[in-house]
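The values are calculated or read from the model by the stated rules, or taken from the named source; none is laboratory data. On a predicted model such as this, the values are computed, not experimentally measured, just so you know. Note: ideal-geometry Cβ built from the backbone for every residue, glycine included; neighbour counts use all protein chains shown. Please note that ligands, DNA and RNA were not included when accessible areas were found on the heavy atoms of the full protein model with its side chains. Shrake-Rupley method; radii C 1.70, N 1.55, O 1.52, S 1.80 Å.
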Amino acid sequence: MQKFCAILLTFASAAALAASAFAQNEPVVIYDQNTPIESIRAQGVTMERLDDGALSIANGLENPWPGVHFTGDWNLAAYSTIEVTLESTCDKEFTLFFRMDSKGTDPDTLEGAITERLDVPPREKKIWKITLPKSLNTDVRQKLFAMRGKPGGIKTDGYSVDAGAKYNHRELVAFRPFVVQNGEGNSWKLISIVALPDPSAGSEEYLSWGPDKFFPMVNQFGQFMHKDWPGKTHSLDELRAQIKIEDADLDANQPTEFNEYGGWKNGPQLEATGSFRTEKIDGVWYFVDPLGNLFWSNGVDCVGHMNAITPVSDREFYFCDAIPTRPDPDNELSQFLGTSSSSVNNYYVGYGEFYQFNFAASNLYMKFGDDWVAKEKELIKRRLRSWGLNTIGNWSDMNVVYYAKVPYTATVNSSSRKIEGSSGYWGKFVDPFDPGFKPSVVNSLKHNSRTVEDPYCIGYFVDNEISWGGAGSLSRAALSSPADQPVKQAYIAWLQEKYETIDKFNAAWDVDVASWDVLASEPFETPKNDAANADSDAFYTVICEKYFEVIVDVIREHAPGKLYLGCRFAWTNDLAKVAAQKYCDVVSYNFYQREVGSYKPVEGVDKPVIIGEFHFGALDRGMFHTGLGPCKDQNERAQAYESYVKSALGNPWIIGAHWFQYGDQAVTGRFDGENYQIGLVDVCDRPYEETIDAVRRVGYNMYQIRQETAKRN
């Protein structure tokens, strides 16, 4: 009874403190060493309060979303940040999801909840700062679609009614840190969860405006109209004044360690072959440039003026009158209005043809005049060298690439039949057994024919962020596909060779299939048992190796001397990684996390790695979404960039990292709704000074930093 009363008193004290904090806008504690462990709900985990007050948590292997739940009643209207402090106690990096539920959250659709992602490095204590969205007028919010971030920092799925539409931070009732079950036993210590007050609370009056006052919301330069910030362009004079300012900056800042390729001219001299290659020196991987100098690929993606294209159809009222949303011969900016019918995700999927406007190109035209294309190319060439960047990455303007004479990676795609039973964010997985698979890669490479003889071409990424699923998933997808699916036919032939008779197959898989022909003739759902799982995994490796083997053969035959840089893994598993490491010259990952120093390849295969994408963003410069690496402001963003690239330079396997992307996305979103503040330059072509300073600090010294890695190895 005394213990029960003590718990009640603790609850009462915590409630009183919370009420006091709300009233004075002081930090509000969601969890710390004083939180009664009896008030915390465990879901698929074991938890223990340690002597230092931390909550030790280890997830089991049964529940699909193991985690802990904190419930209560919080009004965080005057709060801007949730600060989460935790420490990993396991040897592998894992992803922790942090969900916040408001009153009335639907447990099935999760309407009323928002979820943030925290990438947790192994054996490290860290503090994450999660930005809370702010209230936005409901009528305005419902009119904002085809954009993943809305004013106030609201993150959505980008459709007409966003998944978090019912979220209300005035009525929060639960905080739920959890992991997605991946068959591994993650463990961690939760130290504290604290809500921090918003110093700007009440200053953004436009969030309460109704539609009549809120729209239009985008000015002639593609910027949000209702807010000001350092570096915002207010007039044509300001836009053009940046030319002289930047000219002086670029002339005054130049790296001293680069040769003409951006290789380490003062480093070791190796054999000059006229092409890029890879070598491991003193336990550390490098590229070697055509002159025989060590080369670390410090790059940026999407170089050019195609980053801030935004659909305008059905959203004409977003934009000021200066922006043409339909062809207008009297408006000179109509040359930057075009049409598209391509969208993989979001509102415009299946829409048909829609109009879109290119704000980046329009601003360059207003900045430089009729010869803006030539002046942009020259400016980019000067910028990259001055910033200490030596590589142009994926999806860049090839006219800029060839002019700049900067090393670059080229993009090749496969486009043959897909595995019908598969699924994925960007679409179904390609069928590498399809007779059209190899020709599709050959044809794509032929469209890049100029790259084959170009010494500045490092090599080829083939495909991007394709959906490898879990181990065995593509084998299961093959059997669930139609009878004429080539990979299905190959899998059944593999099963026939292993089991010989259908009776032996039935006995092993514990199924009742009349014949091999019946198995082949209709979609089949693979059971989940030891034999079926083992076969699914084994043939999954066959599929993966077939995919990589065909591609590397194409590159060796049609682009000898160029490197195969992999498929830019985003979602993958160890079986796919091993297959990639077997065939690729360099394995590529799109790593959106805070650091990559802890990366190690799958045991047994030693291949270098290149990071195809990473970025960080903030909401202090008029944009609505941070992208996948949220930061508090531009200073934190610059620090995050510097830490990330230094961690890559400090990893002996990583031989390059490419920032995604050169310019900010449009504030109203691209074809799939992404509207991220992720550029090195803003929509008006103005560099983000804080980030560029960090880019230079790392870029100018990257070979010295890399040498420190060699000394540690």
Exercise. Is it the case that E465 is buried (at least 16 other Cβ atoms within 10 Å of the Cβ) and closer than 30 Å to T691 by Cβ?
Worked result: yes
Exercise. Pick from A490, A576, A483, A570: which is touching a residue at least 24 places away in the same chain (Cβ under 8 Å), surrounded by fewer than 21 Cβ atoms within 10 Å (Cβ to Cβ), closer than 30 Å to P630 by Cβ and aliphatic (A, V, I, L, M)?
Worked result: A570
Exercise. Do you know which of the residues in segment 580-602 that are in a loop (DSSP other than H, G, I, E, B), over 13 Å from W285 (Cβ atoms) and of a type in the set (A, V, I, L, M) is least open to solvent (accessible area, probe 1.4 Å)?
Worked result: V596
For this session: Report yes if some residue within segment 82-89 is within 30 Å of N573 (Cβ to Cβ), of a type in the set (S, T, N, Q), out of contact with any Lys or Arg (no Cβ under 9 Å at 6 or more places or on another chain) and in a loop (DSSP other than H, G, I, E, B); otherwise report no.
Result: no
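Quick test for you: out of F178, F145, pick the one residue that is open to solvent by 10 Å² or more (accessible area, probe 1.4 Å), modelled with pLDDT of 90 or more and farther than 25 Å from G44 by Cβ.
Working: F178 fails: farther than 25 Å from G44 by Cβ.
None of the other options fit; the residue is F145.
If the requirement is being part of a loop (DSSP other than H, G, I, E, B), open to solvent by 70 Å² or more (accessible area, probe 1.4 Å) and in contact (Cβ under 8 Å) with a residue 12 or more places away in the chain, which of these qualifies: K438, K381, K428?
Answer to the selection: K428.
For the condition in contact with a Ser or Thr (Cβ under 7 Å, 6 or more places away or on another chain) and farther than 30 Å from P455 by Cβ, what is the one hit in E500, E595?
Numbers: E500 fails: in contact with a Ser or Thr (Cβ under 7 Å, 6 or more places away or on another chain).
Exactly one residue qualifies, and that residue is E595.
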For this session: Please tell me if A471 is open to solvent by 40 Å² or more (accessible area, probe 1.4 Å) and in a helix (DSSP H, G or I).
Result: no
Exercise. Any idea which residue in segment 331-347 is least open to solvent (accessible area, probe 1.4 Å), counting only those that are assigned to a loop (DSSP other than H, G, I, E, B) and closer than 30 Å to G427 by Cβ?
Worked result: N346
Exercise. Counting only residues that are out of contact with any Phe, Trp or Tyr (no Cβ under 7 Å at 6 or more places or on another chain) and not in a strand (DSSP E or B), how many does segment 292-303 have?
Worked result: 1
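Test of understanding: among G350, G421, which residue is at pLDDT below 95, out of contact with any helix residue (DSSP H, G or I) (no Cβ under 9 Å at 6 or more places or on another chain) and part of a loop (DSSP other than H, G, I, E, B)? Step through it out loud before you land on a result.
Values: G421 fails: out of contact with any helix residue (DSSP H, G or I) (no Cβ under 9 Å at 6 or more places or on another chain).
Only one candidate passes the filter, namely G350.
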Exercise. Any idea how many residues of segment 579-617 are more than 22 Å from Y408 (Cα to Cα), modelled with pLDDT of 95 or more and among the aliphatic types (A, V, I, L, M)?
Worked result: 1
Problem set entry | Pick from segment 627-681, criterion under 18 Å from the mean Cα position of the chain (by Cα) and among the hydroxyl-bearing types (S, T, Y), ranking: most open to solvent (accessible area, probe 1.4 Å) | S643
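Let's see how each residue does on (1) part of a loop (DSSP other than H, G, I, E, B); (2) open to solvent by less than 40 Å² (accessible area, probe 1.4 Å); (3) at pLDDT below 95:
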{"residue": "T233", "(1), (2), (3)": "yes, yes, no"}
{"residue": "R240", "(1), (2), (3)": "no, no, no"}
{"residue": "K244", "(1), (2), (3)": "no, no, no"}
{"residue": "A272", "(1), (2), (3)": "yes, no, no"}
{"residue": "S275", "(1), (2), (3)": "yes, yes, no"}
{"residue": "F287", "(1), (2), (3)": "no, yes, no"}
{"residue": "P290", "(1), (2), (3)": "yes, yes, no"}
{"residue": "D314", "(1), (2), (3)": "yes, no, no"}
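Go through segment 384-417 and give me each residue that's in a loop (DSSP other than H, G, I, E, B), over 24 Å from the mean Cα position of the chain (by Cα) and crowded, with 21+ Cβ neighbours inside 10 Å.
Going residue by residue through segment 384-417, those that are in a loop (DSSP other than H, G, I, E, B) are 388-390, 393-397, 405-407, 413-417.
Okay, now just the ones that are also over 24 Å from the mean Cα position of the chain (by Cα), so 405-406, 416-417.
If the condition is that a residue be in a loop (DSSP other than H, G, I, E, B), over 24 Å from the mean Cα position of the chain (by Cα) and crowded, with 21+ Cβ neighbours inside 10 Å, then V406 is the only one that fits.
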Problem set entry | Selection from segment 682-713 of residues that are open to solvent by 30 Å² or more (accessible area, probe 1.4 Å), charged (D, E, K, R) and farther than 30 Å from G622 by Cβ | E708, K711, R712
Problem set entry | Selection status of K92, crowded, with 16+ Cβ neighbours inside 10 Å, assigned to a loop (DSSP other than H, G, I, E, B), of a type in the set (D, E, K, R) and on the phi < 0 side of the Ramachandran plot | no
Problem set entry | The one condition in (1) part of a loop (DSSP other than H, G, I, E, B); (2) surrounded by fewer than 20 Cβ atoms within 10 Å (Cβ to Cβ) that D139 fails to fulfil | (1)
For this session: Looking only at segment 182-193, decide whether some residue is modelled with pLDDT of 85 or more and open to solvent by 50 Å² or more (accessible area, probe 1.4 Å).
Result: no
Exercise. Any idea how many residues of segment 637-670 are touching a residue at least 60 places away in the same chain (Cβ under 8 Å) and part of a helix (DSSP H, G or I)?
Worked result: 2
Seminar exercise, completed: Residue pairs qualifying under the 7 Å Cβ cut-off, at least six apart or on distinct chains, with the first in segment 684-713 being farther than 29 Å from N219 by Cβ and hydrophobic (A, V, I, L, M, F, W, C) and the second being at pLDDT below 95 and open to solvent by 10 Å² or more (accessible area, probe 1.4 Å), are A710/D282; A710/G283
For this session: Look through segment 45-58, keep the residues that are closer than 17 Å to V84 by Cβ and assigned to a strand (DSSP E or B), and return whichever of them is most open to solvent (accessible area, probe 1.4 Å).
Result: M47
Exercise. Out of D517, D512, D535, which single residue is open to solvent by 10 Å² or more (accessible area, probe 1.4 Å), over 30 Å from I610 (Cα atoms) and part of a helix (DSSP H, G or I)?
Worked result: D517
For this session: Would you check if V452 is hydrophobic (A, V, I, L, M, F, W, C) and buried (at least 22 other Cβ atoms within 10 Å of the Cβ)?
Result: no
Exercise. Does T105 count as part of a loop (DSSP other than H, G, I, E, B) and modelled with pLDDT of 85 or more?
Worked result: yes
Problem set entry | Total residues in segment 358-378, condition in contact (Cβ under 8 Å) with a residue 12 or more places away in the chain, open to solvent by 20 Å² or more (accessible area, probe 1.4 Å) and touching a Phe, Trp or Tyr at 6+ places or on another chain (Cβ under 7 Å) | 2
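Conditions (1) acidic (D, E); (2) within 25 Å of E689 (Cα to Cα); (3) free of Cβ contacts under 8 Å to residues at least 60 places away in the same chain, marked per residue:
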| site | (1), (2), (3) |
| --- | --- |
| S208 | no, no, no |
| F224 | no, yes, no |
| L239 | no, yes, no |
| Q254 | no, yes, no |
| E279 | yes, no, yes |
| V284 | no, no, no |
